[in-house]
Amino acid sequence: MNPLDQLTLDQLRERRSFKWAHYDADVIPMFVAEMDVPLAAPIREVLERAIAIGDTGYPGSWPLVDEFVSFADRHWGWEVDPRLVWPAPAVIPAYVEAFAEDTEPGDEVVITAPVYPPFTTYLRQSGRVVREAPLTDDLRLDLDALEAAFEAATAPREGSTERRSAGFLLCNPHNPGGTVHTRAELEAVSVLAHRYGITVVSDEIHAPLVYSGAEFVPYTSVDPRGIAVQSASKAFNLAAMPAAQMIVGEERRSWLARFRQGAHGHPTYLGTVAGSVAYREGDDWLASLLVGLEANRDTMLDFVESDLPGVTSSANPSTFLAWLDFRGTAAAGGRDLGDEPATALLKSGRVALNPGTHFGGGGAGHARLNFATSPTVLREGLARIASVVTG
Ligand SMILES: Cc1ncc(COP(=O)(O)O)c(C=O)c1O
């Protein structure tokens, strides 16, 4: 059964989460990364039981780590030593705190734009300077741009000969557009990172959402000095119950021991319960979801090709977050949507996408579209986009 085809628009409108509460009721929300699915049955049951008996305290044990280790082995053949895993409150605090351990306020962290906007906001809030290394036009890592950014980020301060510490926050798979980085690309990143002494943190929250034909490569499987952050929260739609795992490479054993001494918070108890069951009993549900998402991805690509003249889309071998380029609409005889197409789409089409400029350099003229919804809602949202583009 396709989890994306279970809820009607009226049922979805009863939701009060950000996706469904933020805009007026006449807007089709295709922005924030929530999915329009019911919970997988085993997750719903375990949460219902916990709520029924008031089991809503702090986490007391860590089945989440063991279940993640088993999931990683089953899905990616990735053998993770549970002693190299730290249960993190959520993905964002995990990468912020990893960089806080290895860099000083004022040091730089490189990101590959266009990228998930909180990369920039949270790094800046924690006192780091964000340096963008642009992706290529087809959203792949540009190794020359990355090397130039690493070189600049570690350049000694005036009056010093010592290179500065710096970080690289990798998005693997990439949000937006779902680029799945290849083993060769990640190995090249690892070589560059070692050359410049860069701490690499790989945000792998979208890893379970890789479609047929593409292969997810865990970053720490190519770089023993790397750090990865994983969570069940995107693939199983569990943002309401935060929990994540930080996994460090083999050469960071003592680093992790030192890190653990700090006061870093912990996941929510319900997040560990939901995440454990997702990893242990969610394979069938996830497989059905991937079939549904891949079909939606294909519907979206066909629609862009046939009904959105002058618009192009990322090919999305993973994630439900497409990156649409509207810069060619006027040349194709349609309406010029300017630097921020999301503004006109919302105003005249009543369909909400994420504004492209929020994703950093390369975002002007673009918008991000979330296609994790029912085929009916997807078609309605796409039709509204077409009415604006061709109107
Ligand atoms: C790449 C990426 N990282 C992190 C997050 C958020 O993670 P968390 O809510 O666990 O902090 C998202 C949410 O969409 C995301 O797309």
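The values are calculated or read from the model by the stated rules, or taken from the named source; none is laboratory data. All values reported here derive from a predicted model rather than from experimental measurement. Backbone-built Cβ (ideal geometry, glycine too); neighbour counts: all protein chains shown.
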Quiz item: For residues in the range 305-316 being surrounded by fewer than 23 Cβ atoms within 10 Å (Cβ to Cβ) and touching a strand residue (DSSP E or B) at 6+ places or on another chain (Cβ under 7 Å), which is farthest from SER212 (Cα to Cα)?
Solution: THR312
Self-check item: Unmet requirement for ASN237, which otherwise passes all of (1) over 20 Å from VAL32 (Cβ atoms); (2) within 16 Å of the ligand (Cβ to nearest atom); (3) polar (S, T, N, Q)
Solution: (1)
Exercise. Six or more apart or on different chains, Cβ under 6 Å: which pairs go from a residue in the range 54-77 that's in contact (Cβ under 8 Å) with a residue 40 or more places away in the chain to one that's aliphatic (A, V, I, L, M)? Could you list them?
Key: VAL65/VAL85; ALA72/VAL80
Exercise. Kindly indicate the residue of the range 74-101 that is of a type outside the set (A, V, I, L, M, F, W, C) and within 21 Å of the chain's Cα centre (by Cα) and also surrounded by the fewest Cβ atoms within 10 Å (Cβ to Cβ) among those meeting that condition.
Key: HIS75
Practice problem: Go through the range 194-223 and give me each residue that's surrounded by fewer than 24 Cβ atoms within 10 Å (Cβ to Cβ), closer than 24 Å to VAL129 by Cβ and either small (Gly, Ala, Ser) or touching a Pro at 6+ places or on another chain (Cβ under 6 Å) (or both). | Solution: GLY197
Quiz item: Within the bounds of the range 283-306, is there any residue that is in a loop (DSSP other than H, G, I, E, B), more than 13 Å from the ligand (Cβ to nearest atom) and either under 30 Å from GLY334 (Cα atoms) or of a type outside the set (S, T, N, Q) (or both)?
Solution: no
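Return a yes/no flag: does the range 248-263 have any residue that is within 16 Å of the ligand (Cβ to nearest atom) and assigned by TED's automatic domain parsing to the domain that holds GLU79.
Looking for residues that are within 16 Å of the ligand (Cβ to nearest atom) and assigned by TED's automatic domain parsing to the domain that holds GLU79, one finds none in the range 248-263, hence no.
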Practice problem: Give the range 313-327 a look and list any residue that's within 14 Å of the ligand (Cβ to nearest atom) and not polar (S, T, N, Q), or say none. | Solution: PHE320, LEU321, ALA322, TRP323
Practice problem: Please determine, by comparing only the residues of the range 200-220 that are part of a strand (DSSP E or B) and hydrophobic (A, V, I, L, M, F, W, C), which one is farthest from THR112 (Cα to Cα). | Solution: VAL210
Self-check item: the range 18-29, residues that are within 14 Å of the ligand (Cβ to nearest atom) and either surrounded by fewer than 14 Cβ atoms within 10 Å (Cβ to Cβ) or hydrophobic (A, V, I, L, M, F, W, C) (or both)
Solution: PHE18
Quiz item: What pairs can you find where one residue is in the range 22-37 and free of Cβ contacts under 8 Å to residues at least 12 places away in the same chain, the other is within 14 Å of the ligand (Cβ to nearest atom), and their Cβ atoms are less than 6 Å apart, with a gap of 6+ or different chains?
Solution: none
Quiz item: Within the range 146-185, how many residues are away from the ligand (no atom under 16 Å from the Cβ) and either outside any loop (DSSP other than H, G, I, E, B) or touching a residue at least 24 places away in the same chain (Cβ under 8 Å) (or both)?
Solution: 17
Exercise. Being of a type in the set (A, V, I, L, M, F, W, C), within 16 Å of the ligand (Cβ to nearest atom) and closer than 21 Å to ASP144 by Cβ is the filter here, so list the residues in the range 193-231 that pass it.
Key: VAL200
